[in-house]
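> Dumping the structure here so I can ask a few things about it.
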Amino acid sequence: QLVESGGGLVQSGDSLRLTCAVSGFRVELSAIGWFRQAPGKQRESLSCVNSNGDTYYSHSEKGRFTIARDDAKGMVYLDVKNLKPEDTAVYSCAADLLLPPGNDCINNNGYYYWGQGTQVTVSS
């Protein structure tokens, strides 16, 4: 199970920490990705961490997004800084339990386990 939290209504320029709490499997043995979907738009991949702990970022968001994993707590965080109105979306995390260690997790279609998402709304 994956449960996201940390979303809310923020102002442009603010920062947020989104949390993905994982249960039922070991987060350090899985690839965990963060995604978002804005109204009327396709879901986009933002960042991921594979079972080796390697982190990946989509080209468009590298620099404002930071992913981190806490193996002891079974959590994966996504820190977002300098939020903009166009960042308004539902942010979700997902797990791929079969991706081999060391593989690229950003260009991966094996995310079969998803959380319910957390809404982030950025006002101007």
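The values are calculated or read from the model by the stated rules, or taken from the named source; none is laboratory data. Remember, predicted model here, so these are calculated numbers, not experimental data. Cβ sites come from the backbone with ideal geometry, for glycine too, and all protein chains shown count toward neighbours. In case anyone asks, the SASA skips ligands and DNA or RNA and just uses the protein heavy atoms, side chains included. Shrake-Rupley method; radii C 1.70, N 1.55, O 1.52, S 1.80 Å.
> Probe radius 1.4 Å, ligands and nucleic acids ignored: give me the carbon and sulfur share of the accessible area of the chain as a rounded percent.
Values: 3080 of 6460 Å².
Ligands and nucleic acids excluded, carbon and sulfur reach 48 percent.
> Let me ask another. All other residues with a Cβ under 13 Å from the Cβ of SER51 taken together, and with Lys, Arg as +1 and Asp, Glu as -1, what is their net charge?
Working: positive: ARG26, ARG69; negative: GLU28, ASP54, ASP71, ASP96, ASP104.
Taking every other residue near SER51 into account, the sum is -3.
> Which listed residue (MET75, VAL90, SER58) has the Cα farthest towards the positive end of the charge dipole for segment 56-101, taking +1 on Lys and Arg C-beta and -1 on Asp and Glu C-beta about the Cα centre?
SER58
> Extension gain LYS73-TYR112, at 0.36 nm per residue separation less the Cα-Cα distance, in nm?
Full extension of this stretch gives 11.9 nm more.
> Still on this structure, please answer the following. So in segment 1-108, what percent of DSSP beta bridges are antiparallel if you round to the nearest 5?
Values: 31 of 32 bridges.
About 95 percent, rounded to the nearest 5.
> Using the scaling law 2.2 N^0.38 Å as the reference, what is the normalised Cα Rg of segment 71-124?
Working: Rg = 13.9 Å, N = 54, 2.2 N^0.38 = 10.0 Å.
Here the answer is 1.39, to two decimals.
> Please state the charge dipole magnitude for segment 30-114, taken about the Cα centre, from unit charges on C-beta atoms (+1 on K and R, -1 on D and E), reported in debye and rounded to the nearest 20. Write down the numbers at each step before the final one.
Numbers: 9 positive and 10 negative charges, 50 e Å.
Result for segment 30-114 is approximately 240 debye, rounded to the nearest 20.
> Skip the ligands, DNA and RNA, and give the accessible area per residue of the chain with a 1.4 Å probe, whole Å².
52 Å²
> In the chain, which longest range has no chymotrypsin sites (Phe, Trp or Tyr not before Pro) that are both DSSP loop (not H, G, I, E or B) and surrounded by at most 15 other Cβ atoms within 10 Å?
With chymotrypsin sites (Phe, Trp or Tyr not before Pro) excluded where exposed in loops, the chain gives 26-111 as its longest stretch.
> Binning at 10 angstrom from zero up to the longest distance, how are the C-alpha pair distances of the chain distributed in percent?
In order of increasing distance, the bins hold 15, 50, 30, 6, 0 percent.
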